[in-house]
Amino acid sequence: MTTNFILAAALCAFFAIFTNSSTAQTSSEQPASAAPAPEEMLDLNAARKYMLKLINRDRATVGAPPVVLDDIASVAGQGHSDEMAVNGYVGHWALDGRKPDQRYTQAGGRDADAENVIGDLGDSGGPKFALSSTPVFSKSRLDQDEGDLFGEKPPDDLHRQNIVNPLRTHVGIGLSLALQGEDFRDSCSQEFVNHYGEYSQIPQAIRRGEKFTLTGKLLKRAHLQSVDVRWEDFPKPMTADEINKTNGYSIPDGTTADYYPDDDQHLIAVRTVDGCEEFSVDVATGRSWKPGLYYVLVWAYVNGAKDADNISTRTFLLDSGK
């Protein structure tokens, strides 16, 4: 039933350069050659729009609908991209141990998020660089790096699968440049989103024994299957070198609680209003729930599919209540 997003970090370069023009003098005996065309550079907003254009170009080649830029996912992606560039790592873990779903939740996201990260390590794991407040990015390198991700071949093509997944509706894009003298690091985060409903806010931290109510309204093309809750240990701080040694990430496999519309013990109340399903479910933490990070996942059948897909993943922290 479940589909985990397991996306490995690709070590590609998002190269940003600054050039100074100069005039070369030539003698009458040696004609001057034509000067190369200047590199086209894009500021952050233009680079985001251009990356979005490349993503939708690649999606169109497999018949996938275009995605639109998501502001909240871009905030989450930008924060992670900035940290990668400053600290010299590329990976799905932040230095404080948070993974994409927790970072997306804390940025205000309420849908399902699947992350691609790419960048130029430069001085991997070395001293901190200074984040540029006015970064510019080479258009040709954006072309090359999106091409590298889209050009991946099975079975090592998880970035490509994320890009062309027809369920994706939105994407957040973070692009960063950090400098130290003549050295630089740059990085990018692509946060692909499945948006098929609107959901109530959930607490980011609660104590064992407390509960909250999750409500939602799905789009007409989505039919609710279930809601489940999953546990993993608290995030632990990591060094840049440790993150650089990681590969993909995943959502925990085992469930702590499952809720279904037809389950009398763990019931989801569902009604249909104007062709859209509205649901409500009480998530009550019990004494057997271990302290840690919990994931709340909403599953639905989208566009008449036979298998349910994850349309919302959010996290909350649970302590023992002592």
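Listed values, structure above:
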read-out: Enumeration of residues in region 217-257 that are in contact with a Cys (Cβ under 7 Å, 6 or more places away or on another chain) and either β-branched (V, I, T) or surrounded by 20 or more Cβ atoms within 10 Å (Cβ to Cβ) (or both); value: L218
read-out: E191, sole failed condition from (1) without any contact (Cβ under 8 Å) to a residue 60 or more places away in the chain; (2) open to solvent by less than 40 Å² (accessible area, probe 1.4 Å); value: (1)
read-out: Single residue of L69, L95, L131 found to be of a type in the set (A, V, I, L, M, F, W, C), at pLDDT 95 or above, more than 24 Å from E40 (Cα to Cα) and over 11 Å from the mean Cα position of the chain (by Cα); value: L95
read-out: Scope region 136-187; condition of a type in the set (G, A, S) and assigned to a strand (DSSP E or B); matching residues; value: S138, G172, G174, S176, A178, S187
read-out: Qualifying residues in region 41-73 (those that are acidic (D, E) and part of a helix (DSSP H, G or I)) - the one least open to solvent (accessible area, probe 1.4 Å); value: D58
read-out: Residues that are surrounded by fewer than 17 Cβ atoms within 10 Å (Cβ to Cβ), assigned to a strand (DSSP E or B) and either modelled with pLDDT of 95 or more or out of contact with any strand residue (DSSP E or B) (no Cβ under 6 Å at 6 or more places or on another chain) (or both), drawn from region 302-322; value: L317
read-out: Subset of region 77-104 (residues that are aliphatic (A, V, I, L, M) and open to solvent by 10 Å² or more (accessible area, probe 1.4 Å)); value: V86, L95
read-out: Residue in region 124-137 that is aliphatic (A, V, I, L, M) and open to solvent by 50 Å² or more (accessible area, probe 1.4 Å) present; value: yes
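The values are calculated or read from the model by the stated rules, or taken from the named source; none is laboratory data. Everything numeric here is computed off the predicted structure, so don't read it as measured data. FYI the Cβ positions are ideal-geometry reconstructions off the backbone, even for glycines, and counts take in every protein chain you see. Please note that ligands, DNA and RNA were not included when accessible areas were found on the heavy atoms of the full protein model with its side chains. Shrake-Rupley method; radii C 1.70, N 1.55, O 1.52, S 1.80 Å.
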